[in-house]
Amino acid sequence: MASSIAAVGMQSVHFRPLELPMSDEHPCLDRDGYGFSKYMMEETTRYLARQREDLDFINIRLSSIWPEDRAPAPRQPGPVCQWGMGAISCMYLSDAVRCFRLAAERAHKAGVRILNAVGTQACVACTVPELMRIWYGADAEKIDMAHYERAGHERDPVYDIARIEAELGFVPARSVLP
């Protein structure tokens with residue numbers, strides 16, 4: 001099923017992640033309705049799986065999708081905007097298609113899985129901690145950003161993508177950074 005990274009509620013300027021990178025099961029903190037609609041779809045699959053325990057649901061929380069010819073343009077530091085996390089969580093169309101193909105071809109496994117599908121880097125000009133501090137001010141101090149403060153991880157995605165690699169073998173091939 002096509003869900004969205006918006007299921008967490010990131011489209012609001014008031015959104016603050018509970019953790020970074022955000023886990024596949026990050027709760028819905030939506031204020032505007034769109035993320036809630038994606039969350040309710042995920043909850044519907046949980047309900048259906050309880051009715052028929054043999055069903056297999058993969059809910060892919062898909063990132064913003066770029067056309068193949070788009071040149072990477074990292075997000076410059078500035079005020080937080082609507083869909084801010086979506087602007088830095090991107091993936092090319094070819095990677096998205098491959099992700100869904102891997103999900104469709106995967107062997108049946110009863111249950112419900114929610115999997116983040118975003119590029120292997122945040123599309124940012126600065127580091128993720130720098131951008132979060134600019135966006136969230138004092139609220140950024142409540143977010144553990146130790147992951148990004150390790151050498152080589154400064155621009156890792158703001159959504160955790162380890163589980164989708166483990167479940168489907170999916171790793172985006174194209175970089176969203178120049």
Quiz item: Applying the selection to region 154-170, what residues are farther than 13 Å from residue 16 by Cα and either in contact with a His (Cβ under 6 Å, 6 or more places away or on another chain) or β-branched (Val, Ile, Thr) (or both)?
Solution: 161, 164
Exercise. Could you pull out every one of the strands (runs of 3 or more DSSP E) wholly within region 1-75 that has 2 or more residues that are within 11 Å of the chain's Cα centre (by Cα) and not β-branched (Val, Ile, Thr)?
Key: 2-4, 56-62
Practice problem: Determine whether residue 106 is within 27 Å of residue 57 (Cα to Cα) and out of contact with any Ser or Thr (no Cβ under 7 Å at 6 or more places or on another chain). | Solution: yes
Quiz prompt | Subset tally (residues that are basic (Lys, Arg) and either under 30 Å from residue 31 (Cβ atoms) or in contact with a strand residue (DSSP E or B) (Cβ under 9 Å, 6 or more places away or on another chain) (or both)) for region 80-121 | solution = 3
Self-check item: Which listed residue, of 39, 92, is over 26 Å from residue 175 (Cβ atoms), buried (at least 20 other Cβ atoms within 10 Å of the Cβ) and touching a residue at least 12 places away in the same chain (Cβ under 8 Å)
Solution: 39
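Suppose the filter is charged (D, E, K, R) and under 26 Å from residue 175 (Cβ atoms); does residue 69 pass it?
Numbers: charged (D, E, K, R): yes; under 26 Å from residue 175 (Cβ atoms): yes.
In short, yes.
Looking only at residues in region 155-178 that are charged (D, E, K, R) and assigned to a loop (DSSP other than H, G, I, E, B), which one is farthest from residue 110 (Cα to Cα)?
First, pick out the residues of region 155-178 that are charged (D, E, K, R): 155-156, 160, 163, 165, 167, 174.
Narrowing the set further to residues that are assigned to a loop (DSSP other than H, G, I, E, B) leaves 155-156, 160, 174.
Values: 155: 35, 156: 31, 160: 23, 174: 31 Å.
So the residue we want is 155.
Conditions tested, residue by residue: (1) closer than 25 Å to residue 49 by Cα; (2) over 12 Å from the mean Cα position of the chain (by Cα); (3) assigned to a helix (DSSP H, G or I).
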position	(1), (2), (3)
82	no, yes, no
103	yes, yes, yes
109	yes, yes, no
115	yes, no, no
129	no, yes, yes
133	no, yes, yes
136	no, yes, yes
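Bear in mind that the values in this text are calculations on the coordinates, not laboratory data. Model, not experiment: these values are computed from the prediction. Please note: Cβ atoms are built from the backbone with ideal geometry, for glycine as well, and neighbour counts cover all protein chains shown.
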